[in-house]
Amino acid sequence: MNSPVGMGGVLLVIAAVVWLMVFVPGWSKRGEIVDAVRNANQQLKAERELEQSSPQYRLNRLVATQRIFSILFLFLLIAGVTTGLLAGGNSGTWILSITVSGLSVLSLLVARAAAKQAGQVAHKIYSARQQVRSSASRAMKKAVNNKEWTPVSIPDPLSKKQSAAAPDVAEVIDISKPRRMMTSKEIDEILARRRAI
């Protein structure tokens, strides 16, 4: 209790140290984290756009549209017939029945249009695949049926490729008498002198 430094001051110093060790580095790296998230989102968006531009994706979407509107047609037709049978003399129910039946016809038209476009896209995909397969099979038949011998191409010598007037880089001299051969003892002495330096 008689300590000259109060506990509040010590706790304040500890809090400042914790603040500097934990929160300040996180604050400085916050921009990097935001940039990384932004880059990841841009990559995902680009991949989705690339995926959505493919004919197979369009075909899948058209088939899904056809299924959804066919089911919608069925439910609206059942609802229209049911409200028509239950309408009796009520004019409001007849209007509802006619409206629901009209919507069911519209959903049938949308389903048929989607089916027609899906058929066209599927035909394009199929013809493109068949074209690739037929060209590959033709190339394979050519490679298999070709029994001619073809010579292996040998590269031309480099001496023919160089120009006739090649510049001399250095003067060539003839060494008539080689230097004397050194013994291993002399080599050891030279190496010892070099190590001593």
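Read-outs: derived from the displayed coordinates by stated rules, not from any lab. Quick caveat: nothing in here was measured; it's all calculated off a predicted structure. With ideal geometry, Cβ positions are generated from the backbone for all residues, glycine too; neighbour counts draw on all protein chains shown.
The phi torsions of the stretch 120-136, fed into the Karplus equation with coefficients 6.51, -1.76 and 1.60 and a -60° offset, translate into couplings of 5, 5, 5, 5, 4, 5, 5, 5, 5, 5, 5, 5, 5, 5, 5, 5, 5 Hz, rounded to whole numbers, with Gly and Pro shown as x. Panel order for 19, 149, 94, by other beta carbons found within 10 Å of each beta carbon, from fewest to most: 149, 19, 94. Take every pair of alpha-carbon atoms less than 8 Å apart whose residues are at least six positions apart; their mean separation over the length of the chain yields a relative contact order of 17 percent.
Along the stretch 107-114 the Karplus relation, 6.51 cos²θ - 1.76 cosθ + 1.60 evaluated at θ = phi - 60°, assigns HN-Hα couplings of 5, 5, 5, 5, 5, 5, 5, 5 Hz to successive residues, with x for each Gly and Pro. Taken about its Cα centre, the chain carries a charge dipole of about 760 debye when Lys and Arg each add +1 at the Cβ and Asp and Glu each add -1 at the Cβ.
The equivalent ellipsoid of the stretch 9-146 has semi-axes of 55, 41, 9 Å, largest first, where each one is the square root of 5 times an eigenvalue of the Cα gyration tensor.
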